[in-house]
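The values are calculated or read from the model by the stated rules, or taken from the named source; none is laboratory data. These numbers come from a predicted model, not from an experiment. Every residue, glycine as well, gets a Cβ built from its backbone with ideal geometry; the counts of neighbours run over all protein chains shown. Surface areas here come from the heavy atoms of the whole protein model, side chains and all, with no ligands, DNA or RNA. Shrake-Rupley method; radii C 1.70, N 1.55, O 1.52, S 1.80 Å.
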Amino acid sequence: MPDIDQNTQYGADQITVLEGLDPVRKRPGMYIGGTGKDGLHHLIKELLDNAIDEAMLGICNRVRLVLNPDNSVSVEDNGRGIPVDKHAKTGKSALETVFTVLHAGGKFGGEGSGYKVSSGLHGVGASVVNALSHWLVAEVKRGDDLYSLRFEQGKAVGDIKKEKNPRKDEWQKLEGNGSRVTYLADDTIFPEVVWDYDYIAERIRNNAYLTKGVTFILSDYRDGLPDGITQDLKTYTFHFEGGISSYVRHLNKSHQIITDPVFFVEKTIGELQVEVSLAYADDFNERVYAFANHVHTGEGGTHLTGFRMALTKQVNAYGKANGLLKEADGTLSGDDMREGLTAVISVKLPEPQFEGQTKAKLGNPEMRSAVDAVVSEGLDYYFNENPQAARKIIEKCVLALRARLAARAARETVIRKGALDGMTLPGKLADCSEKDPAKSELYIVEGDSAGGSAKEGRDRKTQAILPLRGKILNVERARLDRMLSSEGIKNLIVATGVGVGDQIDYARLRYHRIIIMTDADVDGAHIRTLLLTLFYRHFPEIIKQGHLYIAQPPLFGIVRGKEKFWALTEPEKDRLVTKLEKEALEKRAKGKTEEVAEDADAANPVETEVSEEVVTESAQDESTGEQPPEESRLKKLGISVNRFKGLGEMNADQLWETTMNPESRTLLQVAMDDAERADDIFTMLMGDEVPPRKKFIQTHAKTATIDV
């Protein structure tokens, strides 16, 4: 630590006090999680949440988001309109207060507040968006009057302007009250202000499912509209009268639902509102999404616990009462209910208690009993009214039970076999000497040849190598018991150390970087996809905790003299070759210029001009004047390009230098930002249903890179 003189003056003038919205601009990550893509799009979420709060009150039935030509964003609703009268405490208008004061809003104060149910807890949404915008304009319709207030970098510019509603644009023409907020994100805070249309559309679609009967509209005008277009071709409208039942069907668009009709129950107990829909599909995966006041609780909580309790209880009760569950099968557990289950749980409550900054888990104990009671009553009625659906659910759960017991036996056999052999790690694994998981890496390498080079070239202290022979089993189409019969998958499970199935323990993970390293061809891509499917379906926490990576071996090696260069892609290779070629030509031209100048000085010491033909001469065929083939042209300049067809073509030094050296390698971290979209993609690409995969191939055929 540096020495500090105790006599150094340290007074009140050295204490910095951040006022107003300065804390948000100074530390945006504390409010929106970061300034990357997720943080940028969190601004949209905050404004959408405010509009949705109006919809949950039954006041607003139309919400629209517009991406404007100047890259600003507008969020419109036809709710009550933000108050514009003077606020007693701040002395400013309520409109200015909402956008300039943290923790100001209508979501506090209980019964007398503006909202009984709200997705916002802290009253920072509108003010945070304002703080992180270059400018923001808030507009409010109240009757025939239109109020507007402009802000720049979080500060109000002038006073509220009031005028008669000119009714020039679509929102102004709507009858009744409403609010519109338009803002331009501050590019001095966000490195890149690029809106992801698909990401936004997915969020709006999900909100439309959760708010049945409300119309959500997304318009993208960033490129403007061509002249003469009368119909808005850049607008998408979402409206679902079926609500979360439609959501369940949407989640199963790539699957066959085996229980018809889709189960749905809705009931209010006191101030607690419960909505649940579920169906079973003909696959092995679980898709359950829980929401509290429209907030996605990715880690579940009391509402999810109540749902699982009710489902397990009612399936066992009906199965035993109707002879569908044999005594030999015993009692079905919650795990047996999960295969093929798709469910959406949506609850609304006045004072949600979320655990953690990200609101990932609901903690209200009263919600568990409320959901349990509502779902139990609903399932009892559903099973008695739809005996065929009940039978299919119980048959599927019994099959899952038997598969689970078989998988447990197979897993115990694997463990016993390892113990009897006197080893806990597979023989193919070349382990590292480091025992600290945070400093250890596991490379999963395609093929024994590349595995050999990787073992030879690695850093033995921190890098372990596990070669895979051929393609592993597609676990999207297999239960756990069959999965454990695959030697490659067993080796991988034992090497990672976390276990599998109902005995998984991520605290035992032996490597905090697990790196998939495959060839950059079609087969390599297929193996990589199979491995990603395995991790996504059976070890999702490894992805969520940021431990899974994809190595980026170069496609090309480029040599100029003693210099070596590497390119990951074809375009990168082209740019690099063009640069090296230009440098070589300029160097040759400079040499010829000096040579001509020396000859001219010797004959006649007068300044001599050199023709541009000298610069381009070496790039042309001297006999015809035509451009020679690239390989021949580059060879004359001392440049050679080599394309690697696989990792096995690299020797140990090359593999270390390009792909394994932490100082120079490139790794892609696998993330799972949108679990629903990820699930859909894995199901489509790796599942049994052919039509969705065929459609995907046809849609993307023109953009595919063909490896020949």
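What the table shows:
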| item | result |
| --- | --- |
| Ser113 vs. criteria open to solvent by less than 10 Å² (accessible area, probe 1.4 Å), within 26 Å of Glu355 (Cα to Cα) and at pLDDT below 95 | no |
| In the stretch 32-70, the residues that are in contact (Cβ under 8 Å) with a residue 40 or more places away in the chain, aliphatic (A, V, I, L, M) and surrounded by fewer than 18 Cβ atoms within 10 Å (Cβ to Cβ) | Leu57 |
| Residues being in contact with a Ser or Thr (Cβ under 9 Å, 6 or more places away or on another chain) and open to solvent by 10 Å² or more (accessible area, probe 1.4 Å) - total across the stretch 296-313 | 7 |
| Out of Ala292, Ala328, Ala343, sole residue that is farther than 16 Å from Ala373 by Cβ and in contact with a Pro (Cβ under 7 Å, 6 or more places away or on another chain) | Ala292 |
| Residue match in the stretch 316-330 (condition: of a type in the set (S, T, N, Q) and either at pLDDT below 90 or within 35 Å of the chain's Cα centre (by Cα) (or both)) | no |
| Residues satisfying the stated conditions in the stretch 382-392, i.e. open to solvent by 50 Å² or more (accessible area, probe 1.4 Å) and closer than 16 Å to Gly323 by Cα | Asn384, Pro387, Gln388, Arg391, Lys392 |
| Qualifying residue in the stretch 97-109 (condition: buried (at least 22 other Cβ atoms within 10 Å of the Cβ) and modelled with pLDDT of 85 or more) | yes |
| Residues that are in contact (Cβ under 8 Å) with a residue 24 or more places away in the chain and among the polar types (S, T, N, Q), drawn from the stretch 478-499 | Ser485, Asn491, Thr496 |
| Residue in the stretch 127-134 that is open to solvent by 30 Å² or more (accessible area, probe 1.4 Å) and either at pLDDT 90 or above or part of a helix (DSSP H, G or I) (or both) present | yes |
| Subset of the stretch 263-289 [open to solvent by 60 Å² or more (accessible area, probe 1.4 Å), acidic (Asp, Glu) and under 14 Å from Val371 (Cα atoms)] | Glu266, Glu271 |
| Test for Ile465: is it out of contact with any Ser or Thr (no Cβ under 9 Å at 6 or more places or on another chain), assigned to a helix (DSSP H, G or I) and either aromatic (Phe, Trp, Tyr) or buried (at least 21 other Cβ atoms within 10 Å of the Cβ) (or both) | no |
| All positions within the stretch 80-96 that are touching a Leu at 6+ places or on another chain (Cβ under 8 Å) and open to solvent by less than 50 Å² (accessible area, probe 1.4 Å) | Ile82, Val84, Ser93, Leu95, Glu96 |
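Per-residue answers, yes or no, for (1) open to solvent by less than 20 Å² (accessible area, probe 1.4 Å); (2) basic (Lys, Arg); (3) at pLDDT below 95:
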site	(1), (2), (3)
Gln357	no, no, yes
Glu366	no, no, no
Val371	yes, no, no
Asp380	no, no, no
Lys396	no, yes, yes
Leu399	no, no, yes
